[in-house]
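Laboratory data are not the source of any read-out in this text; all were calculated from the coordinates shown. In this text the structure is predicted, and so the values were computed from the model without any measurement. Here the Cβ positions follow ideal geometry from the backbone for every residue, glycine too, while neighbour counts run over all protein chains shown.
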Amino acid sequence: NAQVVATPDGDPVWVSGALPGAVHDARAARVWRIGDRVAAAGLFGLGDKGYAGCSPAVLTPFKGRNKPEWKKEANRLHARLRSPGERVMAQLKNWRILRRLRCCPHRATEIARAVLVLQLREAR
């Protein structure tokens, strides 16, 4: 489990260290203090429903069924704004080495950060 921070344009900025795959995204965000760092920079982040309650600086979509239309519209807008970040995740996962890592988190961290550097280099 690695967390990724991307710009609104869809450029990857930061990849966290790796944690075991069983660690939930919200817990991983707390471990790496993503919400605190985003808030300290005077920014806000967009996360999926897995990040609900993680930090006031990380906005998540509304949960539940039978939502009123305004909540559905807010979720659609949230998804549109979050899509460049999702594309970054898809691009990083496109590297075959990251698809099925079966190694210690320390080695996975080194590999993920190397892939980030290669991805940034390739984007130039």
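General remarks:
- When the alpha carbon coordinates of the chain are projected onto the principal axes, the ranges are 45, 31, 30 Å, largest first.
- Using the Cβ of M89 as centre and a radius below 11 Å, the other residues enclosed give a net charge of +1, where K and R count +1 and D and E count -1.
- Sequence-separation-based contact order of the range 49-124, relative, with Cα cut under 8 Å and 6+ spacing, percent: 17 percent
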